[in-house]
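J.: First the structure, which I've put down as structure tokens, then a few questions once you've had a look.
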């Protein structure tokens, strides 16, 4: 489990002043990348060196409370294996106000591991399997 902290910025919001629904996924993807980096996976070279791509095959989101510009967030990242060549990541997004946290959204993405040339399923590389595990 990994926690990522972030502030909502004006470009994250829509004309109504709340975070645009698709930006929740973008923010979660930032947390995902940071979690991989913190686990020792060097994103700049990892996918090139392993001839692997890991596209998102499914996503879902539950929006429980609105977020506004200036809100502070803590995103909890929880990966879990699905099969030898796929995994899911659950994101619990909390609005932080001092010592009080309120769950604002739950997002889930499912990922499948593919060979970058063949586009066929392949087992997760060891580094990624360690992160998922």
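J.: Which condition from (1) in contact (Cβ under 8 Å) with a residue 60 or more places away in the chain; (2) more than 22 Å from residue 20 (Cα to Cα); (3) surrounded by 14 or more Cβ atoms within 10 Å (Cβ to Cβ) is the one that residue 115 breaks?
T.: (3)
J.: Follow-up question, since we're still on this one. Can you find a residue that is over 13 Å from the mean Cα position of the chain (by Cα), free of Cβ contacts under 8 Å to residues at least 24 places away in the same chain and within 28 Å of residue 132 (Cβ to Cβ) anywhere in region 32-41?
T.: There is no residue in region 32-41 that is over 13 Å from the mean Cα position of the chain (by Cα), free of Cβ contacts under 8 Å to residues at least 24 places away in the same chain and within 28 Å of residue 132 (Cβ to Cβ).
Table: residues versus (1) closer than 30 Å to residue 117 by Cβ; (2) loosely packed, with under 15 Cβ neighbours inside 10 Å.
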residue: 45; (1), (2): yes, yes
residue: 53; (1), (2): yes, no
residue: 66; (1), (2): no, yes
residue: 84; (1), (2): yes, yes
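J.: Filter region 90-104 for residues that are out of contact with any strand residue (DSSP E or B) (no Cβ under 7 Å at 6 or more places or on another chain) and in contact (Cβ under 8 Å) with a residue 24 or more places away in the chain and give the result.
T.: If the condition is that a residue be out of contact with any strand residue (DSSP E or B) (no Cβ under 7 Å at 6 or more places or on another chain) and in contact (Cβ under 8 Å) with a residue 24 or more places away in the chain, then 97 is the only one that fits.
J.: For region 10-20, check the following and say yes or no: at least one residue is crowded, with 18+ Cβ neighbours inside 10 Å, touching a strand residue (DSSP E or B) at 6+ places or on another chain (Cβ under 6 Å) and in contact (Cβ under 8 Å) with a residue 60 or more places away in the chain.
T.: No, region 10-20 has no match at all.
Values quoted throughout were computed directly from the atomic coordinates according to the rules given, and no laboratory measurement underlies them. This is a predicted model, so every value here is computed, not measured. Every residue, glycine among them, receives a Cβ derived from its backbone with ideal geometry; neighbour counts consider all protein chains shown.
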